[in-house]
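Read the figures in this text as sums done on the coordinates, not as results from a lab. Predicted model, so just to flag it, every value in this text is computed and none were measured. With ideal geometry, Cβ positions are generated from the backbone for all residues, glycine too; neighbour counts draw on all protein chains shown.
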Amino acid sequence: MTGCERVERMFARRDQDRVPRCDAYWPETITRWQREGLQWDHSDALRLLGTDFQSLCWSWPAAFPGQREVLAQDAETETVRDAWGGVARFWKGRSGTPEHISFGCDTREAWETIYRPAMLARPNQIDTRLAALRFQEGRQLGRWTHLTGVEGFEALRRLIGDEACLIAMIEDPDWIRDIVTVHTDVVLRSLEGVIAEGVEPDGLWIYGDMAYNHATMCSPAMYRDLVWPAHKRMADWAHARGLHVIYHTDGRVSDVLDLYIAAGFECLQPIEAKAGMDIRKFAPTHGSRLAMFGNIDVMKMGTNNLGLIEEEIRTKFAAGMATRGYAYHSDHSVPPQVSWQTYQAIIGFIDRYGTY
Amino acid sequence: MPLLNDLTAAVAAGKRTDTVRLTQELLAAGTLPQAVVEQGLVPGMAIVGERFKKNEIFVPEMLVAARAMKEALKLLEPLLAQAGIKPKYTAIIGTVQGDLHDIGKNLISMMWRGANFAVVDLGTNVSPEKYLAAAQEHKAHLVGLSALLTTTMPAMKETVRAIKAAGLSGTKIMIGGAPITQEFADDIGADGYAADAGTAVDVAKQLVSEAA
């Protein structure tokens, strides 16, 4: 069975030979593993895992594509004005979330006079030829190929910042709706450009972190009003082209699972365990309508306690596989506390418990 | 006093204009600035914290409430300083070394200010030495450590160790952030842990009262 067949059967809730697999790693994890025996890079780790997924492109439209102006730097960090007009401090040579210092698009006026026209003037920001090459490679490897696009809420936070975004959701909801709509227009036009290149992907993987460990960033009602229509639009666009839809979000999203299903999301990833998400609870209630992709706790992986990790995989695989709608992924990204020896053992557990 | 109750309700609802207007009216009527803070604004933010813990309100509502209180404090702080009145407790807060994430830290900072703590925000990527120096300089009752990433959790352990080793007897240490658990807090010797911004106020109050 190819990876593509496996994932398609997961969406159809039909028997597979084994659960589909994919994973993500912090760069520091790969550096550690290279010292401990991993021969190449993250793609080598994914190959050894037996990944079934192939990303073709990444669509996160910016107002000023390619802009990256270094404003200041020290031994550890550099402060950069980015393609979205914001200023953020990044680590040099290591991963981690940047510190956002300011946002160029900090008023509705700035949006309407500068950022909105700039985004609409650059409707296609994807290297479609590269996407076509990746598609050919994915097909040769038998993988399930997918377009990747960032959704409106994540775009809002990057463009105007958390605080302004969340306050405007109360005080100026029409502004929020407009940003989300314009962003979604540009994403879908960009993805359309990939398909126009002759690429025939299997799915759309939508990225957007709309929650943290306690709850969604805004109420379910506010999400339904301001962001959900754009989510549904993206899912409708995908379905009209015969594509399945995966939605990525970190955090505790238990209160909006039904809204995701209503939007047309067919699969949720990575289902963050440390935010209280547990597929042993959600697979029986939502698993027939929403495939579960991930949820293997990186905190447990980081203990390198094989007994603990095996129990995590055994019990969660059992819950997910009972619906035939489950794929393996860590619940975020595998951290550098996990040894290469442990990760090889994890692959062994996935082999053992992930076979139908 | 009805106006104080109205002020509490205005803060809790995040009504900035009403909060400022009611603060001005209370001061004009001769209400002491300290009473405006303690009997009007702080109870309003306490309502926000309680509702947030129960998921009755979310981050946007918390932000507009904190902003309303901040606007009122702009009027009150010069008067409080003039009268020599300071908050009873001082807290230091920051995101630990190696971590540049700040929204969680900022929310806790707002809520602690809302509970009438004096808050010194050290920003992000704060070294153990900087936390310790600030705790000593400000005679902090509380030090709050935030981390978003599993990769920066070890920096919390180092910071707790540095502060404990300095023997600051009146200083309690509290930790929080997406990957943090009570178990981890216990493991590294932190005095307290809070899972959300509402609970962070309760835990902070409990810790400083224990230390008093």
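Quote the relative contact order of the stretch A:116-191 in percent (integer), defining contacts as alpha-carbon pairs under 8 Å separated by 6+ residues. Result for the stretch A:116-191 is 51 percent. Residue-wise HN-Hα couplings along the stretch B:186-195, as the Karplus relation 6.51 cos²θ - 1.76 cosθ + 1.60 with θ = phi - 60° gives them from phi, are 4, 4, 9, x, 6, 7, x, 9, 9, 7 Hz; Gly and Pro carry x.
What size of dipole, in debye to the nearest 20, comes out for chain B about its Cα centre when the only charges are +1 on Lys and Arg C-beta atoms and -1 on Asp and Glu C-beta atoms?
So the magnitude is around 340 debye.
Remark: relative contact order (the stretch B:89-211) = 28 percent; criterion is Cα-Cα distance under 8 angstrom and separation of 6 or more residues. Projecting the Cα atoms of B:Val119, B:Ile47, B:Tyr193 onto the charge dipole of chain B, computed from C-beta unit charges around the Cα centre, puts B:Val119 farthest toward the positive end. Placing +1 on each Lys and Arg Cβ and -1 on each Asp and Glu Cβ, with no other charges, gives the stretch B:2-82 a dipole about its Cα centre of roughly 220 debye.
Database remark: amide H of A:Ala215 closer than 5 angstrom to the amide H of A:Arg252 (H placed geometrically; neighbours at sequence offset of 5 or more, or on other chains; Pro and chain starts carry no H). Relative contact order of chain B, taken over Cα pairs closer than 8 Å and 6 or more residues apart, is 19 percent. Helices in the protein assembly as shown, meaning DSSP H runs of at least 4 residues, each add -39500 (n - 2.57). Divided by all residues, the mean residue ellipticity at 222 nm is -15000 deg cm²/dmol.
For A:Thr77, the residues whose modelled amide H falls within less than 5 Å of its own, excluding neighbours fewer than 5 places apart on the same chain, are A:Lys92. Helix A:27-36 axis versus longest C-alpha principal axis of chain A: approximately 30°, rounded to the nearest ten.
Suppose every K and R has +1 on its Cβ and every D and E has -1 on its Cβ; what is the size of the dipole of the stretch B:89-211 about the Cα centre, in Debye to the nearest 20?
Values: 9 positive and 13 negative charges, 58 e Å.
It works out to roughly 280 debye.
For the stretch A:201-209, putting each phi into the Karplus relation 6.51 cos²θ - 1.76 cosθ + 1.60 with θ = phi - 60° gives couplings of x, 9, x, 10, 10, 9, 10, x, 8 Hz, in residue order, rounded to whole numbers and with x for Gly and Pro. Semi-axes of the equivalent ellipsoid for chain B, computed as √(5λ) from the eigenvalues of its C-alpha gyration tensor and ordered from largest down, come to 31, 19, 13 Å.
Summarising the amide proton neighbourhood of B:Tyr89: residues at separation of 5 or more, or on other chains, whose placed amide H is nearer than 5 Å comprise B:Ala118. Taking chain B as the reference, fit the longest principal axis to its C-alpha atoms, fit the long axis of helix B:153-165 to the helix C-alpha atoms, and give the angle between the two in degrees, 0 to 90, nearest 10. Result, in degrees: 90.
Which FRET efficiency, nearest 0.05, do A:Ala196 and A:Glu36 yield, Cβ-Cβ r, R0 30 Å?
Details: r = 44 Å, r/R0 = 1.48.
It comes to 0.10.
Computed over the protein assembly as shown, the range of Cα coordinates on each principal axis works out to 79, 53, 48 Å, biggest value leading. Computed on the stretch B:2-82, the Cα convex hull volume stands at 73 Å³ per residue. Straight-line cross-link partners of A:Lys281 among the lysines, defined as a Cα under 24 Å from its Cα and at least 8 positions apart when in the same chain: A:Lys300, A:Lys316, B:Lys53, B:Lys54.
Spin-label model, B:Asp186 to A:Leu71: label points 7 Å out along the Cα-to-beta-carbon direction sit 4.5 nm apart. Computed on the Cα atoms alone, the convex hull of the stretch A:292-356 gives a volume of 64 cubic angstrom per residue.
Angle of helix A:306-321 to the longest C-alpha principal axis of chain A, folded into 0 to 90 degrees and rounded to 10: 80°.
According to the square roots a ≥ b ≥ c of the eigenvalues of the Cα gyration tensor, what is the shape class of the stretch B:89-211, taking rounded for a/c under 1.5, prolate for a/b larger than b/c otherwise, and oblate for the remainder?
Numbers: a/c = 1.25, a/b = 1.09, b/c = 1.15.
In terms of gyration-tensor shape, rounded.
Across the stretch A:84-98, rounded Karplus estimates of 3J(HN,Hα) from the backbone phi angles (6.51 cos²θ - 1.76 cosθ + 1.60, θ = phi - 60°) give 9, x, x, 10, 9, 9, 10, 6, 8, x, 8, 7, x, 6, x Hz, Gly and Pro being marked x.
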